[in-house]
Each structure stands twice: as structure tokens, then as C-alpha cells.
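Take a look at the structure below.
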């Protein structure tokens, strides 16, 4: 059952487009989120190949969340972009949670 949740979380994330950058002020946040996404995607690929995941890489990045929350938008486009970045980050976090659960369960067998 957990594997089904992992597949659903992964498919949901992969179906979302990476949010576009609204202004230059959001470039660093976008780059951080892209790096986080790529790191988790790499861990997911390793898991699907049958390799163990790296627990040090497979962690929710709370710093990105805090930075996104503390970002003070200056216009409606920045508000919307920040909202989309947070939504995308939460989908990555869903994959991290499910992959962590599945890999821990398999490790205890």
C-alpha cells in the first residue's frame, strides 16, 4: 500500500510543471527548489533501480520552505509565483515522506 502512495506522489510531482520565475528576486529561490527537486528525483531513480536511498539526501528541506514563507512579494506576480513554488515544494515533500516510509519498511524486512 505504501508503494502505491509513493507512486501516486511521484506521478503527481512529475505531472506538475516547474513554476516559472516571475521576477529576478525569485531566481535564487527557484534555483534552490530546482536543486531540491533534482536531488530527490535522483534518489527516486536509485530506489527504482533497486539501490538503497541515501538518508542524508532524502530529507525535507525546511530551509527552502522558511525562505519562501518569509519572502515579501512586491506584486501580484510575485505572490502567485511564491504560491506556486510552495505548492511544488510540498509535492516534493510528499515524495520524500513516502520514499522514506517505503525504504524504512523495506530495510526492516
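Taken together, the values in this text are just the output of simple stated rules run on the coordinates, not laboratory data. Being a predicted model, the structure only gives us computed values, none of them experimental.
Taking 0.36 nm per residue of sequence separation and removing the Cα-Cα distance, the residue 24/residue 70 pair yields an extension gain of 14.9 nm. Within the set (i) 14.6; (ii) 24.3; (iii) 17.0, the number that Kirkwood radius over Cα pairs in Å takes when calculated for this structure is listed as (i). Quick one: check the C-alpha center-to-center distance for the stretch 1-69 versus the stretch 71-109, whole angstrom. Distance between centres, Cα-based: 6 Å.
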